[in-house]
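Let me begin by presenting the structure, written as structure tokens, before commenting on it.
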Amino acid sequence: MVSQPASGFLGQRALGTDTAPSNHLSLLRSSSTQWKALPGPEYCPTGMLIPGRGETVRARTHSAIYGVLHLKFLDFNDFEEVSTAQSVIRMAVSHENDLPLSANVDCINVHHFILDLTCNLEERTFSGCVIIFLEPVKDQHHKDNIEEEHVESSDSLDISGEHCMKSHESLLDTGSCVLSSDWTEGGRLHVGKGSTVSGTCSGLKPHDVESVSVLREGNNETMNSARRVLYDRSEKFDSEAGIAVDNGSDIVSYRSTESQTQYPTFRNQFEPSVSEIDTEHSTSSQDEDSLQTGETTNDFILVLDSSEIEIFSVEEVAMDNDMENDCLPEPKSIMKKCCGGNMNLDVFKTVEELGCIVEKNCIRIWKKRCKSANLFSTIVRVNYSTTPKGKSLKWTLDQDGSLSVFTHGHWLNNRSLFPSQDVSVSMATWEAIIRVEKSLTVLMSGDDHPVVSVDTGSSGILSFYYRTGMSMPASTLALAVGRWEHTVVSRGDDNKVLPCRLFMPAALEDLAVSEIGDYLPRCLSAAFDLLGPHPFSRLDVLLVPSSFDSLGMASPSLVFLSQSVLTGDSSLCVRLAHEISHSWFGLAIGPLDWTEEWLTEGFCTYSEGYIHATAMGWAGELCRDHAELRDVLRHRTLLSEIQNTDVQLQVLRPSKDEDMFCEKTTEDGVKYIKNGMNPDKKFTQVHYLKGYFLLRYLEETVGCGEFHKFLQGYVKEFHGKLITSQDVFSCFLSMFPELRNKGISEDVLTRDWLDEAGVPKKIEKFETSQNNELAVAVYKQLEQCRSTYCRKKTHKRRKFEIDGLVKLEPDQLLVFLDLLLDENDGQIPVQLLKALKSSYNLTSANAEIQHRWCELVVKHKFLQCYSDVQAFLVNHQALGIYLYGEMILSGSQKQKQLAVDCFHSIEQDMEEGLYTTVHAMLFGDGEP
């Protein structure tokens with residue numbers, strides 16, 4: 001668990017060594033990565049404390065600088081013995097499981113972008129450019145004026161004379177970092193943007209130092225200012241260049257000198273080891289060369305989120321005057337208007353080259369002598385290439401053995417496909433030209449079916465043009481390239497059905513067309529009846545390779561579907577209903593706080609039931625009976641997940657009323673989404689299920705029909721908006737205000753359902769209706785099976801009668817097998833397991849039923865059917881992770897070896913999250 005930033009420290013005065021109390025606080029690092037300030041040994045005469053693991057702490061001022069964190073000790077009136085104080089705990093933040101967000105969306109926004117990329121399947125890369133259209137945040141100009149006045153006047157601090165410590169070691173802290181210094185009288189320091197200050201800068205904490213300039217009044221000497229210092233602790237800088245590292249205390253010193261540290265303009269580096277030195281007071285020739293050397297003044301920097309892409313150049317570009325006047329008011333149609341259908345971006349002319357530095361999680365772009373976002377370039381072109389190791393793209397063989405690629409919903413979103421502002425509040429329209437060989441097809445998010453053309457002068461190259469006019473987060477863009485068969489799904493006369501195309505490898509064509517092609521129109525019509533007009537004007541569905549680690553993923557106008565959904569009886573097409581629901585919940589309406597995932601998954605889990613039942617033709621009591629059976633499974637799954645899921649992943653609103661981000665780190669200002677890269681979160685269903693049962697509870701309070709009216713009003717009111725949980729509750733209660741008199745309010749719903757871990761009291765128990773004929777048949781079958789292997793006092797078993805098994809529908813069979821899993825290990829006889837497999841043809845049933853069957857095989861060590869488990873793990877990777885865990889925990893050496901063999905047979909093609917989790921199960925932290 002990661003703590004929030006420490007705040008509200010008592011006292012603001014620094015203590016020198018002369019006044020150090022006899023008892024003090026020493027720093028101890030606990031095994032859980034917490035730093036604790038606890039009563040410790042006598043003060044060391046050298047002024048240094050060693051907290052453990054080789055971390056040196058500067059203690060002479062009761063301040064500790066370790067790693068990238070700053071822990072300020074408590075200051076006490078009259079220098080009381082600090083042993084009387086309460087302990088101070090500050091988490092040494094590890095963001096291993098958090099998603100970094102670097103883009104400075106508070107200053108400047110991307111409102112449109114154009115991708116022009118060529119796909120090379122053999123090299124596993126996309127190369128080309130992205131043209132980004134920018135606009136400053138509306139109040140940014142006002143902010144810039146305030147900051148300039150702040151730097152020039154209000155931030156001048158006189159720390160000479162009586163304010164100078166006798167030890168000449170002063171420490172002034174404004175909350176971001178520490179500069180420890182050796183002052184002479186008459187010094188004056190000018191600081192901008194709330195930065196930490198220090199005398200002559202004999203010591204400089206190497207993180208997040210913004211706009212610091214030092215003046216010496218004694219001889220009117222001007223020192224160069226350090227705008228930002230980032231450094232690599234393993235790197236030693238030349239002291240003659242003005243930079244030195246004190247490895248003992250992790251302090252970087254910056255001294256006045258005319259020498260400047262120089263770096264290449266473009267640097268692909270994945271450790272924070274960049275020093276950008278302000279040249280505001282340098283000669284004009286140095287200023288002219290700053291772009292080539294990588295030096296900057298206090299220029300505005302555009303920060304875009306990215307990961308593992310190779311940048312070639314960054315340019316400010318402009319359009320021809322006649323094109324600009326015609327196109328820029330509607331940037332979403334730039335390509336359509338200005339390129340004449342020839343898929344050529346020559347209308348964008350280079351104005352000047354921009355500076356750029358590539359870091360692990362972002363790229364930083366600046367324009368020489370541009371001081372604010374308000375004056376920054378409005379159109380920027382980034383020329384780049386993706387890399388094969390980029391995690392946003394999955395390069396894999398499809399079921400026909402052909403190489404394909406698709407964006408598979410990695411937690412890094414699209415950052416290794418193109419640089420972007422990857423945060424929910426950044427909404428943009430986009431256009432794309434994707435160039436491929438003639439034998440390939442490109443599928444992509446977009447309003448319309450693609451415009452396809454043959455590139456002039458390029459032999460065998462096709463260009464696919466897509467565009468979207470709805471502003472959406474960059475993370476919602478999806479892309480796939482491959483060799484597929486396809487069919488146009490018949491709409492009939494139903495105007496509620498979107499134009500649809502179905503794409504699949506040839507090996508799955510017959511099954512996909514017969515099952516999905518028949519189900520999809522009915523599903524779309526049912527979704528229209530429940531939620532109103534479709535947010536998008538078309539739909540493509542792609543059957544993705546078996547390595548896909550989910551049953552489905554939705555993006556605007558494009559759905560990726562696992563082959564596991566194909567069963568022949570449409571019983572798993574409910575997954576397609578879930579993904580279609582995302583058109584409303586998650587795409588047309590998105591969560592402002594990405595940690596409130598129930599706002600998408602909970603709503604889709606609710607709506608999938610009605611849509612699927614309508615598409616299957618269920619009505620009345622039959623519809624209710626199926627819904628209750630599914631609820632039995634959901635409830636059992638939720639109880640199991642709560643028992644085996646980290647507490648912090650059980651809360652539907654982790655941020656509560658606070659910022660959704662983790663602590664804003666001091667080294668580079670990056671924010672983090674809590675648990676945004678936690679591998680455990682990818683495999684938990686708590687936010688699906690608790691969110692679903694919350695909506696079912698609201699439905700029960702007002703009735704099904706009235707609740708469906710609420711859903712229609714909700715999607716209409718919030719279309720195209722980012723919302724919070726409070727928006728949902730307020731909308732619901734505004735429609736049903738009488739519920740407030742019954743004790744239902746926003747605060748009560750939030751307390752009971754969102755802010756607490758565990759199972760809400762309202763759903764601690766769940767039972768089906770007594771007249772549920774489907775459920776009655778299941779329970780009767782279960783008791784009959786149990787009677788066949790219950791021991792008598794003679795310890796003999798009754799002979800099992802195979803004819804006793806009755807026909808069960810897929811939902812019934814799923815519940816039946818799930819309930820059988822409650823039986824003790826080894827209690828179910830082999831004869832019954834054999835009968836179950838043959839009578840219900842379990843190896844040909846849908847993937848969820850097969851999964852329950854494999855669990856029974858593993859639990860009861862049914863050696864004859866271990867091959868069924870192996871086949872399942874290979875063909876249904878999206879569902880297999882739980883079986884790996886069960887085999888490891890079984891204690892059976894044969895099962896563990898089976899798990900290892902299955903893992904090795906598919907590990908080269910497994911999704912990263914699945915690979916990492918299974919590898920840890922099998923081999924721990926070591927190598928296989």
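Working only within the range 444-469, note down all residues that are surrounded by 19 or more Cβ atoms within 10 Å (Cβ to Cβ) and closer than 29 Å to D593 by Cα. Show your work before the answer.
Just the residues of the range 444-469 that are surrounded by 19 or more Cβ atoms within 10 Å (Cβ to Cβ), to begin with: 444-446, 450, 462-468.
If the condition is that a residue be surrounded by 19 or more Cβ atoms within 10 Å (Cβ to Cβ) and closer than 29 Å to D593 by Cα, then M444, S445, G446, Y466, R467, T468 are the ones that fit.
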Q.
Condition check: in contact with a Cys (Cβ under 6 Å, 6 or more places away or on another chain), at pLDDT below 90 and of a type outside the set (S, T, N, Q). Does Y714 satisfy that?
A. no
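If you go through the range 516-543, how many residues are β-branched (V, I, T) and either open to solvent by 10 Å² or more (accessible area, probe 1.4 Å) or over 20 Å from Y610 (Cα atoms) (or both)? Can you show your working first?
The initial filter retains those residues of the range 516-543 that are β-branched (V, I, T), namely 516, 541.
Going one step further and asking which of them are either open to solvent by 10 Å² or more (accessible area, probe 1.4 Å) or over 20 Å from Y610 (Cα atoms) (or both), we end up with 541.
Looking only at that region, the number is 1.
Can you name the residue in the range 475-503 that is β-branched (V, I, T) and under 30 Å from the mean Cα position of the chain (by Cα) and is also least open to solvent (accessible area, probe 1.4 Å) among such residues? Spell out the reasoning first.
Filtering the range 475-503 for residues β-branched (V, I, T) gives 476, 481, 487-489, 497.
When the remaining residues are screened for being under 30 Å from the mean Cα position of the chain (by Cα), the result is 476, 481.
Details: T476: 17, V481: 0 Å².
Among those that are β-branched (V, I, T) and under 30 Å from the mean Cα position of the chain (by Cα), it is V481.
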Q: Among the residues of the range 741-780, write down those that are part of a loop (DSSP other than H, G, I, E, B), among the hydroxyl-bearing types (S, T, Y) and under 26 Å from L814 (Cα atoms).
A: T768, S769
Q: Please give the strands (runs of 3 or more DSSP E) falling wholly within the range 535-639 in which 2 or more residues are more than 30 Å from E907 (Cβ to Cβ), modelled with pLDDT under 95 and out of contact with any strand residue (DSSP E or B) (no Cβ under 9 Å at 6 or more places or on another chain).
A: none
Q.
Restricting to the range 742-760, count the residues that are among the aliphatic types (A, V, I, L, M) and buried (at least 17 other Cβ atoms within 10 Å of the Cβ).
A. 4
Q) When the range 504-514 is examined, which residues are found to be surrounded by fewer than 22 Cβ atoms within 10 Å (Cβ to Cβ) and under 33 Å from the mean Cα position of the chain (by Cα)? A) L508
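Of all helices (runs of 4 or more DSSP H) completely enclosed by the range 840-928, which ones contain at least 2 residues that are closer than 30 Å to E809 by Cβ, open to solvent by less than 10 Å² (accessible area, probe 1.4 Å) and among the hydrophobic types (A, V, I, L, M, F, W, C)? Give the derivation first.
Values: elements: 847-859, 866-875, 881-889, 893-906, 912-923.
Because the criterion is at least 2 residues that are closer than 30 Å to E809 by Cβ, open to solvent by less than 10 Å² (accessible area, probe 1.4 Å) and among the hydrophobic types (A, V, I, L, M, F, W, C), the helices (runs of 4 or more DSSP H) in the range 840-928 that meet it are 847-859, 866-875, 881-889.
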**Q.** Selection from the range 545-558 of residues that are closer than 30 Å to Q726 by Cα and either small (G, A, S) or surrounded by fewer than 22 Cβ atoms within 10 Å (Cβ to Cβ) (or both)
**A.** S550, G552, M553, A554, S555, S557
Q. For the range 702-724, does any single residue satisfy the condition of being open to solvent by 20 Å² or more (accessible area, probe 1.4 Å), more than 25 Å from P654 (Cα to Cα) and not in a helix (DSSP H, G or I)?
A. yes
Q: Please identify the pairs in which a residue from the range 850-879 that is touching a residue at least 24 places away in the same chain (Cβ under 8 Å) has its Cβ atom under 6 Å from the Cβ atom of a residue that is in a helix (DSSP H, G or I) and open to solvent by 50 Å² or more (accessible area, probe 1.4 Å), counting only partners at least 6 apart or on another chain.
A: V858/E886; D868/T843
Q) Quick check: is even one residue across the range 761-776 modelled with pLDDT under 90 and surrounded by 14 or more Cβ atoms within 10 Å (Cβ to Cβ)? A) yes
(Q) For the structure I just gave you, tell me whether K837 is open to solvent by 50 Å² or more (accessible area, probe 1.4 Å) and over 30 Å from E96 (Cβ atoms). (A) yes
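Looking at K360, is it modelled with pLDDT under 95, assigned to a loop (DSSP other than H, G, I, E, B), over 15 Å from S102 (Cα atoms) and open to solvent by 10 Å² or more (accessible area, probe 1.4 Å)?
Numbers: modelled with pLDDT under 95: yes; assigned to a loop (DSSP other than H, G, I, E, B): yes; over 15 Å from S102 (Cα atoms): no; open to solvent by 10 Å² or more (accessible area, probe 1.4 Å): yes.
Judged against the criteria, K360 is not a match.
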Q: Could you grab the pairs with beta carbons closer than 7 Å, sequence gap of 6+ or different chains, first residue in the range 610-632 and of a type in the set (F, W, Y), second one open to solvent by less than 60 Å² (accessible area, probe 1.4 Å)?
A: Y610/L530; W618/H626
Q. Since D400 meets every condition but one in (1) within 18 Å of H486 (Cα to Cα); (2) assigned to a strand (DSSP E or B); (3) not hydroxyl-bearing (S, T, Y), which condition does it not meet?
A. (2)
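Conditions (1) open to solvent by less than 10 Å² (accessible area, probe 1.4 Å); (2) closer than 30 Å to N841 by Cα; (3) polar (S, T, N, Q); (4) in contact (Cβ under 8 Å) with a residue 60 or more places away in the chain, marked per residue:
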site	(1), (2), (3), (4)
L561	yes, yes, no, no
D569	no, yes, no, yes
R575	no, yes, no, no
E579	no, yes, no, no
H582	no, no, no, no
W594	no, no, no, yes
E601	no, no, no, yes
Q.
Return the residues of the range 642-656 that are touching a helix residue (DSSP H, G or I) at 6+ places or on another chain (Cβ under 9 Å) and either open to solvent by 30 Å² or more (accessible area, probe 1.4 Å) or hydrophobic (A, V, I, L, M, F, W, C) (or both); say none if nothing qualifies.
A. I642, D646, L649, V651, L652, P654, K656
Q: Among the residues of the range 725-741, write down those that are out of contact with any helix residue (DSSP H, G or I) (no Cβ under 8 Å at 6 or more places or on another chain) and open to solvent by 80 Å² or more (accessible area, probe 1.4 Å).
A: S734, E738, N741
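The values are calculated or read from the model by the stated rules, or taken from the named source; none is laboratory data. Just so it is clear, the structure is predicted and the values come from calculations on it, not from any experiment. Neighbour counts run over all protein chains shown; Cβ positions are idealised from the backbone, glycine included. Accessible surface areas use protein heavy atoms only, side chains included; no ligands, DNA or RNA. Shrake-Rupley method; radii C 1.70, N 1.55, O 1.52, S 1.80 Å.
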